[in-house]
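One structure is given below, encoded as structure tokens.
The values are calculated or read from the model by the stated rules, or taken from the named source; none is laboratory data. The structure presented is a predicted model; accordingly, all values stated were derived computationally and were not measured. So basically every Cβ, Gly included, is an ideal-geometry build from the backbone, and we count neighbours across all protein chains shown. Side chains are part of the model used for accessible areas, which takes the heavy atoms of the whole protein and leaves out ligands, DNA and RNA. Shrake-Rupley method; radii C 1.70, N 1.55, O 1.52, S 1.80 Å.
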Amino acid sequence: MPGLNRRQDAALRARAEKVVPSGMWGHLHAAKLPDAYPQFFRRGEGGVLWDVDGNRYVDFMCSWGPNLLGHHHPEVDEAAERQRRDGDCLNGPAEVMVELAELVVDMVGHADWTQFQKNGTDATTTCVTIARAATGKRKIVVAKGAYHGAVPWCSPSLLGVTAEDRAHLSYFKFNDVESLEEAVKAAGGDLAGILISAFRHDMGFDQELPSPAFAQAARRLCTDKGAVLIIDEVRAGFRLDTAGSWEALGVRPDMSAWSKAMANGYALAAITGADWLRRAASQVFVTGSFWAGAVSMAAAVATLKIVRRDDIPSRLAYLGRLLRDGLETRSRQFGQSIRQSGPAQMPTVLFDDDPDFRKGFAFCNAMLERGVYFHPKHNMFLCAAHTEADIAAALDAAEHSFSVVAALGTGSEGRMGRS
């Protein structure tokens, strides 16, 4: 792209393709983004990051969620470094594990206990395993199109997945009580649990908050059937409510899965559960060589204390509303119809009449040229290190970018990305 140096990034991609299949894997693969996007980055600071070619961006992906307080938050990094000097991967956990467990149980509304893992897939899989152990049943009911991890039982791809891997999953439509009731009925007497994202955040679609009626129906069905209500908080956890994303609905799950933001970029996940699941949680065999890593736990203690002390969800909501209102004003200025959905802390911005994301790609390419890292399909993230000046810079870039999209309708093709 004109104005953006990509020489070092291109060289690294060429080297990577020789030693890594396709050069990269999974959701971080830049080939799935518009063609202006870098694959490799050098550093981050607060709400800003730099790619390997030195281009600077206000960061609205926040490492796809983990960056909650800001890259290199000094209190978090100091806590992690203190623990690193004593040890990280030991023969068992460090003392900080108990402190972190006490803090999580104190913060999360439904939690009587917690266990730690390393990533979101670990956490959701552990929840499903415990639900089956506790109930002696097999069926797990999930929303169509929901993302709960990247292993065969829940992967969004069917490559390498057998029918047996998914034999005990049933599906419902998010926020549709009748659909949920039908899925539960189909599971019959073999229902182990219902697994639901904190809100609908499927990539490429408008986000959707759960209705009170839907949340209450999920709770009622699990209670009536002796099944486990599991909330997947991996993406949303600690951004919407420190006690749990469904607290405002007055509905508490039996278990939740957490990761991403809980240690501000240090690798950690957790599950939380109610007392009636404690015995099953103690009996199942789930483990990993790095699951007791003490450095990440120390970072999480610092992160969660700051989240509660500084009311981070409210700060993020304030910044998110500034961004949302400004984007709406500027889109109208250039005659563009956009849809902004989901909580303000985790915005999705999509264009109307844009089935192939042509407008979205052109908009995000133009934003990137102006030093703002948006995503054309995925929900984005605010972090506490973002400032009003960062929001203003993003809105200045958006004004230019909406003009680029408007020009598409006059015959200009723009510069499109990869599909």
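Based on Cα coordinates alone, diagonalise the gyration tensor for region 177-228, multiply each eigenvalue by 5, take square roots, and list the semi-axes in whole Å, largest first. Don't jump to the answer; show the numbers that get you there.
On the way: eigenvalues 96, 27, 19 Å².
Working from the Cα gyration tensor, I get semi-axes of 22, 12, 10 Å.
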Fill in the blank from the handout: Across ASP165, ASP241, ASP88, the residue with the highest GNM fluctuation in the chain (Cα network, 10 Å cutoff) is ASP165
Exercise for the section: Find out how many positive minus negative residues lie around ARG235, taking Lys and Arg as positive, Asp and Glu as negative, among other residues whose Cβ is under 13 Å from that of ARG235. Expected result: 0
Fill in the blank from the handout: Rounded to the nearest 10 Å², the 1.4 Å probe accessible area of ARG219 is 50
Handout entry: Radius of gyration, Dmax [region 242-351; alpha carbons; angstrom]
Key = 18.8, 60
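State to the nearest 20 debye the size of the charge dipole of the chain about its Cα centre, where the only charges are +1 on K and R beta carbons and -1 on D and E beta carbons.
Values: 46 positive and 50 negative charges, 152 e Å.
Around 740 debye, computed over the chain.
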Completion exercise
Expected max-MSF residue from ALA80, ALA163, ALA31 in the GNM of the chain (alpha carbon, under 10 Å) is ALA163
Practice task
Provide Rg and Dmax in Å for region 85-206, with only Cα atoms included in the calculation.
Solution key: 17.2, 55
Fill in the blank from the handout: The equivalent-ellipsoid semi-axes of region 165-254, taken as the square roots of five times the Cα gyration tensor eigenvalues and listed largest first in whole Å, are 21, 15, 12
Exercise for the section: Any chance you could check the Cα centroid distance between region 260-335 and region 8-43 for me, in angstrom? Expected result: 27
Practice task
May I ask for the Kirkwood hydrodynamic radius of region 1-68, worked out over all distinct Cα pairs and given in angstroms to one decimal?
Solution key: 12.8
Exercise for the section: Could you check the simple spin-label distance between ASP165 and PHE290, using points 7 Å along Cα→Cβ, in nm with one decimal? Expected result: 2.2
Exercise for the section: Heads up, I need the accessible area for ASP275: 1.4 angstrom probe, whole protein in place, Å², nearest 10. Expected result: 80
Exercise for the section: Heavy atoms only, probe 1.4 angstrom, no DNA, RNA or ligands counted: give me ASP396, ASP35, ASP77 ranked by accessible area, highest first. Expected result: ASP396, ASP35, ASP77
Completion exercise
Long-range amide H partners of GLN117, meaning residues 5 or more apart or on another chain whose placed amide H is closer than 5 Å, are ALA269, ALA270, ILE271
Exercise for the section: Determine how large the accessible area of ARG84 is when every protein chain is in place; take a 1.4 Å probe and give Å² rounded to the nearest 10. Expected result: 110
Problem - Fraction of alpha-carbon pairs over 26 Å apart in the chain - percent - result: 57
Practice task
Name the long-range amide H neighbours of VAL141: under 5 Å, sequence gap of 5 or more, or other chain; modelled H, no Pro or chain starts.
Solution key: SER170, GLY193, ILE194, LEU195
Completion exercise
Taking a ≥ b ≥ c as the square roots of the eigenvalues of the Cα gyration tensor, with a/c under 1.5 meaning rounded and otherwise prolate when a/b exceeds b/c and oblate if not, region 58-108 is oblate
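Where both partners of a DSSP beta bridge lie in the chain, what percent of those bridges are antiparallel, to the nearest 5? Before the final figure, lay out each step's value.
Working: 22 of 40 bridges.
About 55 percent, rounded to the nearest 5.
Using the Cα centre as the reference, give the magnitude of the dipole from point charges on the C-beta atoms of region 134-288 (Lys, Arg: +1; Asp, Glu: -1; all else neutral), rounded to the nearest 20 debye.
On the way: 17 positive and 17 negative charges, 67 e Å.
In total the dipole reaches around 320 debye.
In whole Å and largest first, what semi-axes does the C-alpha gyration tensor of region 1-136 yield when each eigenvalue is scaled by 5 and square-rooted? Each step should come with its number before you reach the end.
Numbers: eigenvalues 255, 88, 49 Å².
They are 36, 21, 16 Å, listed largest first.
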Problem - Derived scalar couplings ³J(HN,Hα) [region 114-129; Karplus, 6.51 cos²θ - 1.76 cosθ + 1.60; whole Hz; x for Gly, Pro] - result: 8, 9, 10, 9, 10, 8, x, 5, 3, 5, 5, 5, 5, 4, 5, 4
Handout entry: Environment charge at LEU180 (Cβ cut-off 15 Å; Lys +1, Arg +1, Asp -1, Glu -1)
Key = +2
Exercise for the section: Could you pull out every residue, at least 5 positions away or on a different chain, whose amide H is within less than 5 Å of the one on ARG339? Hs are placed 1.01 Å off N in the peptide plane, and Pro or chain starts have none. Expected result: LEU350, PHE351, ASP352
Completion exercise
Of every hundred units of 1.4 Å-probe accessible area on the chain, the number belonging to carbon and sulfur atoms, as a percent, is 52
Fill in the blank from the handout: Contour minus Cα-Cα span, GLU247 to ALA11, at 0.36 nm per residue, comes to 80.2 nm
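Counting Lys and Arg as +1 and Asp and Glu as -1, what is the net charge of the other residues whose Cβ lies under 12 Å from the Cβ of VAL76? Write down the numbers at each step before the final one.
Working: positive: ARG82, LYS305; negative: GLU75, ASP77, GLU78, GLU81.
With Lys, Arg at +1 and Asp, Glu at -1, the net is -2.
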